[in-house]
Amino acid sequence: MGEKDIISIIEQDKWMTNILHAAKQLALPDWWICAGFVRAKVWDSIHDFSERTILPDVDVVYFDPNNLSEITEKRIEKQLYEWDPHVPWSVKNEARMHHINGVEPYKSSIDAISKFPETATAIGVKMSGDDNIVLASPCGIKDLVNLKVKPTQFFKENKNLLPLYQQRVEEKNWQSIWSRLLVYSY
């Protein structure tokens, strides 16, 4: 499975494309829908699941250094809930998230995504101006499509973050859903 295949399986999923259209309508700067939204779809596809795995949230990220208000994020979430109250929306401005995560400021949404805990989670999609799906994979897709859960380079380089990675993979217990995953411990 390659990047075009990932885009294709998302294009064929009406639920996902509706979500992408909704996020696009917000016209947020440097926006992406990332993490489990893409990861779960890929893993479901590889595992030949006939039904989508339920997501705990749909992560919409954007990058706006001119407005770091969490209130703005909640207002955007409210807009999305009004559009579809059945989607578990989560909206974060990555221009402020370095404060929450205790790291150096991110340069963009893609930079922030590259610093997510797992390589398989460090992936995002959005709808372009001409309604094409665009994929961002700053850590590549190799681990994702090969069902490997490993820490991103950022987490490997910052050894103090590895316990967070380990805690996440234990709490998420993804292998209970996708049995063919290989989860690396550090």
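The values are calculated or read from the model by the stated rules, or taken from the named source; none is laboratory data. Here the structure is a predicted model, which is why all the values come from computation and not from measurement. Here the Cβ is made from the backbone with ideal geometry for all residues, glycine too, and neighbour counts use every protein chain on show.
Observations on the model:
- Residue list for segment 42-63, filter: of a type in the set (D, E, K, R) and touching a strand residue (DSSP E or B) at 6+ places or on another chain (Cβ under 9 Å): Asp57, Asp59
- Residue within segment 149-167 that is out of contact with any His (no Cβ under 9 Å at 6 or more places or on another chain), in a helix (DSSP H, G or I) and closer than 29 Å to Asp13 by Cβ present: yes
- Restricting segment 44-60 to residues that are under 19 Å from Lys172 (Cβ atoms) and β-branched (Val, Ile, Thr) leaves a set whose member that is surrounded by the most Cβ atoms within 10 Å (Cβ to Cβ) is Val58.
- Ile123 meets all of the listed conditions (1) at positive phi; (2) touching a helix residue (DSSP H, G or I) at 6+ places or on another chain (Cβ under 6 Å) but one, namely (1).
- Selection within segment 104-141 - closer than 12 Å to Trp31 by Cβ and at pLDDT below 95: none
- Identity of the residue in segment 171-184, out of contact with any His (no Cβ under 6 Å at 6 or more places or on another chain), surrounded by 11 or more Cβ atoms within 10 Å (Cβ to Cβ) and not aliphatic (A, V, I, L, M), that ends up farthest from Asp143 (Cα to Cα): Lys172
- Any chance Glu82 is farther than 19 Å from Lys126 by Cα, outside any loop (DSSP other than H, G, I, E, B) and over 18 Å from the mean Cα position of the chain (by Cα): yes
- Just so you know, in segment 99-123 the residues that are within 10 Å of the chain's Cα centre (by Cα) and not hydroxyl-bearing (Ser, Thr, Tyr) include one that is farthest from Pro163 (Cα to Cα), and it is Ile123.
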